[in-house]
Amino acid sequence: MNEFIRGLKRGFPICLGYIPVSFTFGLMAVKLGFSPLQATLISLTNMASAGQFAGIRLIEGGAPYIELVITTLVINIRYFLMSLSLSQKVSPDISFGKRSVMAYCITDEVFALAAMEKDEVSFPFFGGLMTTPILGWTGGTLLGAIASGLLSPELQGCMGIALYCMFIAIIIPPAKKSRKVAMAVAISALLSCMFKYVPGLNMLSQAGGGGWAIIVSAVLGAAFSASVKENKRRRKPSEERSQYES
Amino acid sequence: MNLNYVAICMFLMFATTYMIRVTPLGFVRRKMENLWIKDFLFYIPFCVLSAMTFPDVLYSTTAAGATPHVSMSAIIATMVAQLMSWRERGLVLVAVVAVAVAVFVEMGVPYIMSLF
């Protein structure tokens, strides 16, 4: 029970952060023709920011099922990597049933907090960690969907930046402390920009909803940093995580 | 929109996303020893977020319904968010301040200019 409470406390800031972002999602979904109930249900069942935004645009455009599945797969494939990473962080004794509950809420932010734990991640802790973010994400969506008529299009537009700035706030502190993280994220950002602006590449990256450009950029950036040797310090970053994750 | 179509799409989104998440955590019980893979898995979340953010953040303040374009409000708000993140302010504060800056540049500045 103590572990659950500790998880609740750790997860609460994520809940607060999710509200403006999911609010924007609710606004956009209603704008595209979804009902507030549908929008809230999508948030509750997906718990996935970028994947949901891409999904509702495709559904609104009447995309074929296969395109929706492939786009969702590509944009959300990062959760596969996070889930794999988390599988190394939990006790091997945790049952499949409990794991299937935990898997539901592997989001960028919840994963980041779980990864920061010094010891193994327990089921009650993760349960506490995911509780308020789920409420914040679905509740924020509902609020945004209901409030969509009250805000001007310009104001709605400006709220779209909230999600990205949250990402920036997750990336920069570890990049500041580790040169290899900084290199990895810089390469990923550069490649992602190239996929958007370099003629030829940008045509390619439109295929399949455009989500794969993100994956290719991220995999190359991470592979680069995992492969280079640091001259000054021989220690591998996975052994010094606690330094820049606390 | 066709209700049936939307319902099937919603289910497909859920099923796809959940399968992605449950497969590794549900079935991988062995601890990995390979340091390269451990490092790679450690960098991946940051890299994904970085690739998602750039360059899309610069288009993110486009008014609802308009064609996405780079705007001054997004550029300035991004710079403020980067500075605040460098100083290690929390996620929520960074996001809220960035939205406030974007609103000010996008709507406040034109209003102030119109007074003169």
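Taking only C-alpha pairs under 8 Å that are 6+ residues apart, what is the relative contact order of segment A:1-90 in percent? Walk me through the numbers on the way to the answer.
Details: 33 pairs, mean separation 17.1, N = 90.
Computed over segment A:1-90, the figure is 19 percent.
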> Okay, helix-only estimate at 222 nm for the protein assembly as shown: each DSSP H run of n ≥ 4 adds -39500 (n - 2.57), divide by all residues, round to 500 deg cm²/dmol; what do you get?
Replying inline: -24000 deg cm²/dmol
> How do B:Met1, B:Met107 rank when sorted from fewest to most other Cβ atoms within 10 Å of their own Cβ?
Replying inline: B:Met1, B:Met107
>> I need A:Met28, A:Met183 ordered by Cβ neighbour count within 10 Å, fewest first.
In response: A:Met183, A:Met28
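List the pairs from A:Lys9/B:Lys31; A:Lys196/A:Lys229; A:Lys118/B:Lys38 whose alpha-carbon separation is above 25 Å, in the order I gave them. Show your work: numbers first, answer last.
Values: A:Lys9/B:Lys31 29 Å; A:Lys196/A:Lys229 30 Å; A:Lys118/B:Lys38 16 Å.
The answer is A:Lys9/B:Lys31; A:Lys196/A:Lys229.
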> Residues of A:8-14, mean number of Cβ from any other protein chain within 10 Å of their own Cβ, rounded to a whole number?
Replying inline: 1
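Determine, for A:Ile19, A:Ile214, the number of other Cβ atoms within 10 Å of each Cβ, and report the residues in order from fewest to most.
A:Ile19, A:Ile214
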> When only C-alpha pairs under 8 Å and at least 6 residues apart count, what is the relative contact order of chain B, in percent?
Replying inline: 16 percent
> In whole Å, what is the distance between the alpha-carbon centres of segment B:1-61 and segment A:32-63?
Replying inline: 16 Å
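Quantify how strongly other chains surround peptide A:68-77 by giving the mean number of their Cβ atoms within 10 Å of each of its Cβ atoms. Intermediate values should be presented prior to the final figure.
Numbers: counts 6, 5, 1, 2, 8, 4, 1, 5, 7, 2.
Shielding by partners across A:68-77 averages 4.
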>> What does the structure give for B:64-72 when I average, per residue, the other chain Cβ atoms found within 10 Å of the residue Cβ?
In response: 3
> When the Debye formula is applied to the Cα atoms of the protein assembly as shown, each taken as the same point scatterer, what base-10 log of I(q)/I(0) results at q = 0.06, 0.09, 0.14 Å⁻¹?
Replying inline: -0.21, -0.48, -1.23
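With only Lys, Arg, Asp and Glu charged, each at its Cβ (+1 for the first two, -1 for the last two), find how big the charge dipole of the protein assembly as shown is about the Cα centre; round to the nearest 20 debye. Don't jump to the answer; show the numbers that get you there.
Numbers: 29 positive and 19 negative charges, 235 e Å.
The dipole of the protein assembly as shown has a size of about 1120 debye.
Before anything else, pin down the relative contact order of chain A: Cα pairs under 8 Å, at least 6 apart, normalised by residue count, whole percent.
Values: 278 pairs, mean separation 78.3, N = 246.
32 percent.
Counting only other residues whose beta carbon sits under 12 Å from that of A:Glu3, what net charge do I get with K and R as +1, D and E as -1? Intermediate values should be presented prior to the final figure.
Numbers: positive: A:Arg6, A:Lys9, A:Arg10; negative: A:Glu117, A:Asp119, A:Glu120.
With Lys, Arg at +1 and Asp, Glu at -1, the neighbours total 0.
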>> Let's test this: bin the Cα-Cα distances of segment A:125-218 at 5 Å from zero up to the farthest pair and state each bin's percent.
In response: 2, 10, 12, 14, 14, 18, 17, 9, 3, 0
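Read the figures in this text as sums done on the coordinates, not as results from a lab. All values derive from a computational prediction rather than experimental measurement. No Cβ is skipped: glycine too gets one built from the backbone with ideal geometry, and neighbour counts run over all protein chains shown.
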